[in-house]
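Below is one structure, written out as C-alpha cells; comments come after it.
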Amino acid sequence: MTYSSQRKIPKVPTYLVKETLDDMPVFYKGYKAVLRKEKTLEDIMGASGLQIFIV
C-alpha cells in the first residue's frame, strides 16, 4: 500500500505567500490576521534595516 501525504492547501491570495518550497506555499507570519482584516499586509511584512531607519 502506498500512502500519499497530500496536505490540503488553503485558498490564500498570492500576495500573502512569502515563498514556495517543494511546491508548498510558505505564508507570511500573521497572514490569517490579514484575511480577518485585523492587520494590513504592511503590518506583517518584514522590513530591512534601512527601511526601518527611513520610516
With the first residue restricted to the stretch 28-43 and required to be within 16 Å of Val17 (Cβ to Cβ), and the second required to be assigned to a helix (DSSP H, G or I) and among the aromatic types (Phe, Trp, Tyr), Cβ contacts under 7 Å at 6 or more apart or on different chains are Leu41/Tyr15
Scanning the stretch 26-50 for residues that are surrounded by 10 or more Cβ atoms within 10 Å (Cβ to Cβ), modelled with pLDDT under 90 and not in a loop (DSSP other than H, G, I, E, B), the one farthest from the chain's Cα centre (by Cα) turns out to be Asp43
Only residues that are farther than 18 Å from Ala33 by Cβ and either surrounded by 10 or more Cβ atoms within 10 Å (Cβ to Cβ) or at pLDDT below 85 (or both): list them for the stretch 1-19, please. Met1, Thr2, Tyr3, Ser4, Ser5, Gln6, Arg7, Lys8, Ile9
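The values are calculated or read from the model by the stated rules, or taken from the named source; none is laboratory data. This one's a predicted model, so the numbers in the text were calculated from it and none came from an experiment. So basically every Cβ, Gly included, is an ideal-geometry build from the backbone, and we count neighbours across all protein chains shown.
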